[in-house]
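Visitor: Take a look at this one; I'll ask things after.
Please treat every number below as a calculation from the coordinates, not as lab data. From a predicted model like this one, the values you see are computed outputs, not experimental measurements. Cβ placement follows ideal geometry from the backbone for every residue including glycine, while neighbour counts extend to all protein chains displayed.
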Amino acid sequence: EAQVTQNPRYLITVTGKKLTVTCSQNMNHEYMSWYRQDPGLGLRQIYYSMNVEVTDKGDVPEGYKVSRKEKRNFPLILESPSPNQTSLYFCASSSPGTGDANVLTFGAGSRLTVL
Amino acid sequence: KNQVEQSPQSLIILEGKNCTLQCNYTVSPFSNLRWYKQDTGRGPVSLTIMTFSENTKSNGRYTATLDADTKQSSLHITASQLSDSASYICVVRVSGFQKLVFGTGTRLLVSP
């Protein structure tokens with residue numbers, strides 16, 4: 001089944017304790033992206049990657065890092081989490097091109113709480 | 001500034017009734033507009049895509065319209081069902097880029 005898999009789905013951590021949220025897709029998509037979703041603000045892009053070893057900042061990259069060493073994986077790293085990073089995080093992927101080809105496939109989400 | 005605004009923020013309708021959700025955008029240059037449905041606690045799923053030349057497109061009980069002149073889109077849901085309860089997100093793609101501009105969504109509750 002074509003899908004984007006995120007782990008963990010739920011995580012409670014404390015301020016300053018480094019964590020990584022993994023994202024993997026099995027559709028051979030070039031494009032991958034991370035979003036955070038907060039009440040009233042909608043989805044905001046954190047980082048995106050056009051292909052292996054190609055990453056770029058989205059709208060809210062502060063406090064986050066990413067890497068794209070393999071095509072299928074795009075982990076999100078919080079080096080020193082803070083309470084304002086408490087949010088629902090989504091990873092998504094798509095193929096390039098126009099029209100239906102570039103529909104985003106989203107993961108199920110990772111709910112992160114930073115105390 | 002590229003922006004997507006959706007209205008209403010939330011909506012409650014009775015099962016079986018119709019409703020229309022609105023999306024206004026100021027994205028330029030425009031590539032396409034996509035409506036996503038997001039069930040509570042799940043990732044968004046694409047409902048339909050509208051390109052510049054398309055005015056209307058249907059997907060079952062969902063009908064999307066696009067007016068490129070006024071930069072408005074609507075999503076009409078016919079004969080609503082309880083399973084339509086979700087957030088509906090309008091997403092506009094900037095032409096030539098992988099840049100997407102997201103609306104904040106309309107939360108729809110279909111009541112029995």
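Visitor: Among the residues of the range A:48-67, which ones are among the hydroxyl-bearing types (Ser, Thr, Tyr) and at the interface with another protein chain (Cβ under 10 Å from one of its Cβ atoms)?
Guide: Restricting attention to the range A:48-67, the residues satisfying the condition of being among the hydroxyl-bearing types (Ser, Thr, Tyr) are A:48-49, A:55, A:64, A:67.
Hits for the range A:48-67 are A:Tyr48, A:Ser49.
Visitor: With (1) within 10 Å of the chain's Cα centre (by Cα); (2) within 15 Å of B:Leu11 (Cβ to Cβ) as the list, and B:Asp84 as the residue in question, which single condition is left unmet?
Guide: Going through the list (1) within 10 Å of the chain's Cα centre (by Cα); (2) within 15 Å of B:Leu11 (Cβ to Cβ), B:Asp84 breaks only (1).
Visitor: Then there is this: Any residue in the range A:68-88 that is in a strand (DSSP E or B), closer than 21 Å to A:Arg9 by Cβ and within 14 Å of chain B (Cβ to nearest Cβ)? Lay out the reasoning, then the answer.
Guide: Going residue by residue through the range A:68-88, those that are in a strand (DSSP E or B) are A:73, A:76-78, A:87-88.
Checking which are closer than 21 Å to A:Arg9 by Cβ leaves us with A:73, A:76-78, A:87-88.
After this cut, where a residue has to be within 14 Å of chain B (Cβ to nearest Cβ) as well, the list is A:87-88.
Yes, there is a match, as at least one residue in the range A:68-88 is in a strand (DSSP E or B), closer than 21 Å to A:Arg9 by Cβ and within 14 Å of chain B (Cβ to nearest Cβ).
Visitor: Let me ask something additional. I'd like to check something: does the range A:5-19 contain any residue that is within 10 Å of the chain's Cα centre (by Cα) and away from chain B (no Cβ under 14 Å)?
Guide: No, the range A:5-19 contains no residue that is within 10 Å of the chain's Cα centre (by Cα) and away from chain B (no Cβ under 14 Å).
Visitor: What number of residues in the range A:68-89 are surrounded by fewer than 18 Cβ atoms within 10 Å (Cβ to Cβ) and in contact with a Phe, Trp or Tyr (Cβ under 8 Å, 6 or more places away or on another chain)?
Guide: 1
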